[in-house]
Structure formats: C-alpha cells, structure tokens
Amino acid sequence: MNRRLGLAAALLALLAPWPAAAQGRGMVPVQGQLLSRNRGPVPGVTVVLVHSVLGRSTAATTDAYGRFGWNAIPVRPEPYFLEMYWGQKLIFRDQVLVREPVVLQPIVL
C-alpha cells in the first residue's frame with residue numbers, strides 16, 4: 001500500500017508542471033498593425049520576428065486592415081527584432097520584448 005502511495009505521489013509530482021505547459025505559459029501571442037502616414041492600413045507587407053538564439057519566426061503578412069500577428073511566440077528574456085519587408089526591401093526594424101502577450105502600438109510608416 002505504501003509503495004503504491006509513493007508511486008502515485010511521484011507520478012503526481014512529475015505531472016504537476018503539465019497544466020502550466022499545456023496552457024502555453026511559455027508561448028504567447030504577438031499582434032500589431034501597420035499604417036501609412038495618413039493612417040490607412042498597409043496590406044501585403046511581410047513581417048518576421050528575429051531572435052538571436054531562436055532565429056526567424058514564420059513570416060506573417062499584413063491583412064487588409066494592416067494587422068499581423070502570431071499565436072505562439074516563445075517567451076524569452078532577450079529581445080526579438082520585428083522586421084517588415086516590402087518585397088525584398090527592409091522597411092522597418094525595432095526591438096520587441098516578449099515576456100507576456102504583446103499588442104504593439106500601431107506602426108506608422
């Protein structure tokens with residue numbers, strides 16, 4: 001009986017972190033919007049996040065409202081670089097800290 005209780009306790013200790021991982025605490029959404037100087041949306045721009053250790057995210061493309069985003073970006077202590085490309089040309093680059101869900105202020109170019 002004691003052996004079963006010990007085994008059950010050990011199994012619970014191993015599985016205790018699982019709900020936190022299942023909830024995706026290590027992954028958060030990152031969202032933003034690209035606007036023109038006259039505050040109109042800019043669709044069709046390629047957006048990536050670049051991290052010094054993890055590399056490049058999958059590319060997102062701004063939609064008809066200029067919005068872009070990712071559902072699951074790893075939380076990291078080091079900053080990411082948010083890069084925007086019009087075709088092959090880099091048109092914007094800035095640092096973004098991803099330590100919790102991120103909703104960026106609209107980026108105006």
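The values are calculated or read from the model by the stated rules, or taken from the named source; none is laboratory data. This one's a predicted model, so the numbers in the text were calculated from it and none came from an experiment. Cβ sites come from the backbone with ideal geometry, for glycine too, and all protein chains shown count toward neighbours.
The set of residues from the range 84-107 being surrounded by fewer than 14 Cβ atoms within 10 Å (Cβ to Cβ), hydrophobic (A, V, I, L, M, F, W, C) and touching a residue at least 40 places away in the same chain (Cβ under 8 Å) comprises 86, 103.
Scanning the range 71-80 for residues that are under 8 Å from the mean Cα position of the chain (by Cα) and surrounded by fewer than 20 Cβ atoms within 10 Å (Cβ to Cβ), we see that the one that is farthest from residue 98 (Cα to Cα) is 71. Does residue 53 satisfy the condition of being exposed (fewer than 12 other Cβ atoms within 10 Å of the Cβ) and over 13 Å from the mean Cα position of the chain (by Cα)? When the stated conditions are applied, residue 53 passes them. Taking the range 15-63 as the range and being assigned to a loop (DSSP other than H, G, I, E, B), over 18 Å from residue 85 (Cβ atoms) and at pLDDT 95 or above as the test, the residues that pass are 26, 37, 38, 39, 40, 52, 53, 54.
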